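Accompanying notes for the structure given below.
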Amino acid sequence: MAYNHYILTCGGTACESNKGVEIYDNLIAEAEKQGVKHEVQIVKTGCFGFCEQGPIVKVLPEESFYVGVKPEDAREIIAEQILKGREVPRLLYKQDAEKKKTTAIEDIEFYQKQFRVVLRNCGVINPESIDEYIAREGYIGLEKTLFEMKPEDVINELKISGLRGRGGAGFPTWLKWDLTRKVEGNVKYVVCNADEGDPGAYMDRSTIEGDPHSVIEAMIICGKTIGAHQGYVYIRAEYPLAIERLKIALAQAKDYGLLGKNILGSGFDFDVEIRLGAGAFVCGEETALIKSLEGQRGMPVPKPPFPATNGLWGKPTVINNVETLANIPVIITKGGAWLARIGTEKSKGTKVFALTGKVKNSGLVEVPMGTTLREIIFEIGGGIKDKKKFKGVQTGGPSGGILTEAVLDTPIDYESLTAMGSMMGSGGMIVMDEDDCVVDVARFYMDFCVDESCGKCSPCRIGTTQILNILEKITNGNGEQKDLDKLEAIGKAMTKASLCMLGGSAANPTLSTVKNFRDEYLEHIQDKKCRAGKCKNLLRFDIDTEKCIGCGACARRCPANCISQVSGSDKKRPPYVIDQSKCIKCGECFKNCKFGAVFKK
């Protein structure tokens, strides 16, 4: 059926948690109520990427881009745009808030420098419809693999593409597949690592939510290439929407003869099963993931042997993360040379980042390798919120370093980020401003790593705890100069001696901040001062008695009852003072003083 209009509603986790389901249901109800249900098709898509502006509704063919939509807006969208052909100006995204200028989606700065390969179908198709995926060249790559290409041809296209693993290590994808392909044996496995556990990261989850068939197609292609007949998707149980859409996609693929026995009459058998993880960060490491899949405790084992030759149940196994797999169908369909034209000499293609933190436009960003941090943060991301000063950016999650403004113009690729003391990681990118304390941030990430360490090897088990203790000592105001040397010594030892990359990279946030923000550490240690005001034990709130008008707002809001009026004052309304011995550094007095009399130092 042909429709006059198509309404795309964001169906990602973030928008659905913000009444996205109600918006979708209301649009359908209003279309029927207003008598236009045969003129408009309403589609629930995956994430549009521009999470800061959600919930998002997009109307075609006008390309109207509505942001911050509420369920009650459904009536007006149907009444104005569908019935009368007029956009709803108040809901349109405004690039220039002062001039009130509405902007077409292709002109929105957030999207201008992006190039979508992995996210090509997210926000475009209904992820629960295999027909819509097929209409977007879906399963063409599988067809070519089954009937037109030999395994060597697939490997060659991957080699030409230059695709490297997007899970963090950047290992050449073609080489991993080829190693497994060449191992003798009838039993091999394909595993999709969807155990995305970095704080602030949601790239893989959103890809599955918005385009599950791309991952399934890639796994089948991999199975045919390496000689495997069984695949597993290892995904966190705390991602219910992604799991549900993956289940739907698997069922559809089986109904269409794309999974199971004798796929498309080719004689090739392949099936995929879902396995739920319990949320252990260490299970993102491939050998720990394998142990969990086998029903054992998720703990890494020494390598070699590598999973490519000795993996799941001792059999050759290819493990790729979601983002890596989502590239595969495009490479096979368009050819490896097509992807190789994107990116840099050593880092081909695109990279998806979850841009979060103190940036105006947070969301999912997919850019060509070689794009600079400055372009992502200040052009795509729109710069720092509330006109604050940029302080640093962390790439690579708890395993990545925190970089300064001095390196913002460095092109992003695997080698450049490593050389700067950080890493690509899975793609988390957290922006910090002047109100963030890097010592406290390093403490937070080390606290996370202590909790997530499996405890198997002593460099990680003991090292993370020791670094955390030192960082807490510094943030509590008890730090010593020699603590900085200890942090560096322990961190470097962990990097060299830990069994897996959790321990091997856990010290990166600490090491990078000691190097790049040493003056801030020295302030904490020598001056007992936290310039960002995040370390409570280094804070002191005082009242300027000259500015204080004696209104008592601070005292009324103080939970510790440590604020009282000055006795013996000759003023009609005596000023207030803070008893520092009782102050709990909560900041309520500072927040509630309207006259600037309360200050912190």
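The values are calculated or read from the model by the stated rules, or taken from the named source; none is laboratory data. Here the structure is a predicted model, which is why all the values come from computation and not from measurement. Don't worry about glycine lacking a Cβ; one is built from the backbone with ideal geometry, like all the others, and counts go over all protein chains shown.
Those residues that are among the hydrophobic types (A, V, I, L, M, F, W, C) and under 19 Å from Val441 (Cα atoms), I need them from the stretch 461-493; list them, please.
Filtering the stretch 461-493 for residues among the hydrophobic types (A, V, I, L, M, F, W, C) gives 462, 467-468, 470-471, 474, 484, 487, 489-490, 493.
Matches in the stretch 461-493: Ile467, Leu468, Ile470, Leu471, Ile474, Leu484, Leu487, Ile490.
Residue by residue through the stretch 379-418, note down the ones that are among the hydrophobic types (A, V, I, L, M, F, W, C) and either closer than 22 Å to Leu364 by Cβ or assigned by TED's automatic domain parsing to the domain that holds Leu502 (or both). Step through it out loud before you land on a result.
Keep residues of the stretch 379-418 that are among the hydrophobic types (A, V, I, L, M, F, W, C), which gives 380, 384, 390, 393, 402-403, 406-408, 412, 417.
If the condition is that a residue be among the hydrophobic types (A, V, I, L, M, F, W, C) and either closer than 22 Å to Leu364 by Cβ or assigned by TED's automatic domain parsing to the domain that holds Leu502 (or both), then Ile380, Ile384, Phe390, Val393, Ile402, Leu403, Leu408, Ile412, Leu417 are the ones that fit.
Looking at the stretch 229-238, is at least one residue touching a Ser or Thr at 6+ places or on another chain (Cβ under 8 Å), of a type in the set (A, V, I, L, M) and buried (at least 24 other Cβ atoms within 10 Å of the Cβ)? Write out each step before concluding.
First, the residues of the stretch 229-238 that are touching a Ser or Thr at 6+ places or on another chain (Cβ under 8 Å): 234.
Restricting the remaining residues to those that are of a type in the set (A, V, I, L, M) gives none.
The answer is no, given that none of the residues of the stretch 229-238 is touching a Ser or Thr at 6+ places or on another chain (Cβ under 8 Å), of a type in the set (A, V, I, L, M) and buried (at least 24 other Cβ atoms within 10 Å of the Cβ).
(1) over 30 Å from Phe115 (Cα atoms); (2) without any contact (Cβ under 8 Å) to a residue 60 or more places away in the chain: which one isn't true of Glu345, the others all being true?
Going through (1) over 30 Å from Phe115 (Cα atoms); (2) without any contact (Cβ under 8 Å) to a residue 60 or more places away in the chain one by one, Glu345 breaks only (1).
Identify all residues within the stretch 360-378 that are over 24 Å from Arg164 (Cα atoms) and in contact with a helix residue (DSSP H, G or I) (Cβ under 6 Å, 6 or more places away or on another chain); write none if there are none.
Lys360, Asn361, Ser362
With respect to Ile543, is the statement that it is at pLDDT 95 or above and buried (at least 17 other Cβ atoms within 10 Å of the Cβ) true?
Working: at pLDDT 95 or above: no; buried (at least 17 other Cβ atoms within 10 Å of the Cβ): yes.
No; evaluated as a whole, the condition is false for this residue.
Quick one: Ile77 ticks every box in (1) under 30 Å from Ile376 (Cβ atoms); (2) among the hydrophobic types (A, V, I, L, M, F, W, C); (3) at pLDDT 95 or above except a single one, so which number is it?
It fails just one condition, (1).
When the stretch 291-310 is examined, which residues are found to be buried (at least 21 other Cβ atoms within 10 Å of the Cβ), aliphatic (A, V, I, L, M) and either part of a loop (DSSP other than H, G, I, E, B) or not assigned by TED's automatic domain parsing to the domain that holds Asp195 (or both)?
Ala308
Going by the conditions given, is Glu345 of a type in the set (Asp, Glu), outside the structural domain of Asp211 (by TED's automatic domain parsing) and either closer than 18 Å to Phe48 by Cα or surrounded by fewer than 18 Cβ atoms within 10 Å (Cβ to Cβ) (or both)? Even if it seems obvious, please write down each step before you answer.
On the way: of a type in the set (Asp, Glu): yes; outside the structural domain of Asp211 (by TED's automatic domain parsing): yes; either closer than 18 Å to Phe48 by Cα or surrounded by fewer than 18 Cβ atoms within 10 Å (Cβ to Cβ) (or both): yes.
The answer is yes for Glu345.
Within the stretch 43-66, restricting attention to residues that are under 20 Å from Ala29 (Cα atoms) and of a type in the set (A, V, I, L, M, F, W, C), which residue is surrounded by the most Cβ atoms within 10 Å (Cβ to Cβ)?
Across the stretch 43-66, the extreme among qualifying residues is Val57.
How about the stretch 240-266: which of its residues are at positive phi and free of Cβ contacts under 8 Å to residues at least 40 places away in the same chain? Steps first, please.
Taking the stretch 240-266 first, the residues at positive phi are 257, 260, 262, 264-265.
Matches in the stretch 240-266: Gly257, Gly260, Asn262, Gly265.
Please verify whether Ile274 is among the β-branched types (Val, Ile, Thr), surrounded by fewer than 23 Cβ atoms within 10 Å (Cβ to Cβ) and either at pLDDT 95 or above or in contact with a Cys (Cβ under 6 Å, 6 or more places away or on another chain) (or both), treating the condition exactly as stated. Don't jump to the end; show me each part of the working.
Numbers: among the β-branched types (Val, Ile, Thr): yes; surrounded by fewer than 23 Cβ atoms within 10 Å (Cβ to Cβ): yes; either at pLDDT 95 or above or in contact with a Cys (Cβ under 6 Å, 6 or more places away or on another chain) (or both): yes.
Yes.
Return the only residue of Cys535, Cys548, Cys530 being over 30 Å from Leu487 (Cβ atoms) and either crowded, with 17+ Cβ neighbours inside 10 Å or among the aromatic types (Phe, Trp, Tyr) (or both). I'd like the intermediate steps shown before the answer.
Details: Cys535 fails: over 30 Å from Leu487 (Cβ atoms); Cys530 fails: over 30 Å from Leu487 (Cβ atoms).
So the residue among Cys535, Cys548, Cys530 that is over 30 Å from Leu487 (Cβ atoms) and either crowded, with 17+ Cβ neighbours inside 10 Å or among the aromatic types (Phe, Trp, Tyr) (or both) is Cys548.
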